[in-house]
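The values are calculated or read from the model by the stated rules, or taken from the named source; none is laboratory data. Remember, predicted model here, so these are calculated numbers, not experimental data. Cβ sites come from the backbone with ideal geometry, for glycine too, and all protein chains shown count toward neighbours.
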Amino acid sequence: MLKSDFDRTLGSHSPLDRFALGSERSERRGCMASRVDHEYDYLFKIVLIGDSGVGKSNILSRFTRNEFCLESKSTIGVEFATRTLQVEGKTVKAQIWDTAGQERYRAITSAYYRGAVGALLVYDITKRPTFENVQRWLRELRDHADSNIVIMMTGNKSDLNHLRSVSEDDGQTLAEREGLSFLETSALEATNVEKAFQTILTEIYHIVSKKALAAQEAVSTTLPGQGTTINVSDASGNNNKRGCCST
């Protein structure tokens, strides 16, 4: 599993706490502590979970490469891809892990929850059993992932509305009951895929920012008084591909 240099140094803190502490400490060093290189400010690991065949791999390829494979096969084990984008003025590198949905791989994929700060829980709106299994996936996620992980539930294949077996209201109701964000997506038509990831990454960034501010305030209250410092300077600094059809 890839980690930032800072992630390796903070031991038992949760992933979101590590980012927050990194932001606070970086103020004193003049750089972003969670930055692995000079190309981005944050690295956020997101896991895709849900039953086999719900379209996780196509969501991944649509978001990271703007591709869709009509004849894509079930993922074997785990694979990941990355994409860098802007979130409220910060450069965020999203590292998306596509975990196999088959029963025989569940024990393998559980190890990949470690370090994840977000999860996209996907079901197929045309297959009711994949929706009914959402609760099982939630239990597994909550058993293995950090308690503060940001979760979005996604009803995929909205382009197949004529074959729908799960209403949008059913999805929204379950999401509200579990305290999750919710969207219906279509990897085929690229509907709401960008919005789903942008939403979850923005929510993660807000949590990290609040934790960083709280950590900074906690440190400042424990330091002896040194007068007031006025800073008038600007603080801001001047894959894994498979054969697919690009769009």
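Structure notes:
For every residue, the table says whether it meets (1) surrounded by 14 or more Cβ atoms within 10 Å (Cβ to Cβ); (2) modelled with pLDDT under 55.
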| site | (1), (2) |
| --- | --- |
| 188 | yes, no |
| 191 | yes, no |
| 210 | no, no |
| 213 | no, no |
| 228 | no, yes |
| 234 | no, yes |
| 239 | no, yes |
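Condition check ((1) in contact with a strand residue (DSSP E or B) (Cβ under 9 Å, 6 or more places away or on another chain); (2) in a helix (DSSP H, G or I)) across all residues:
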{"site": "116", "(1), (2)": "yes, no"}
{"site": "121", "(1), (2)": "yes, no"}
{"site": "130", "(1), (2)": "yes, yes"}
{"site": "139", "(1), (2)": "no, yes"}
{"site": "146", "(1), (2)": "no, no"}
{"site": "152", "(1), (2)": "yes, no"}
{"site": "161", "(1), (2)": "no, yes"}
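- Screening 3, 56 for residues that are out of contact with any Phe, Trp or Tyr (no Cβ under 8 Å at 6 or more places or on another chain) and modelled with pLDDT under 90 leaves exactly one candidate, 3.
- Yes/no for residue 171 being touching a strand residue (DSSP E or B) at 6+ places or on another chain (Cβ under 9 Å), surrounded by 21 or more Cβ atoms within 10 Å (Cβ to Cβ), among the small types (Gly, Ala, Ser) and over 27 Å from residue 40 (Cα atoms): yes
- Lone unmet requirement of (1) surrounded by 17 or more Cβ atoms within 10 Å (Cβ to Cβ); (2) more than 13 Å from the chain's Cα centre (by Cα) for residue 178: (1)
- Residue within segment 95-110 that is at pLDDT 75 or above, over 19 Å from residue 140 (Cβ atoms), of a type outside the set (Phe, Trp, Tyr) and not in a strand (DSSP E or B) present: no
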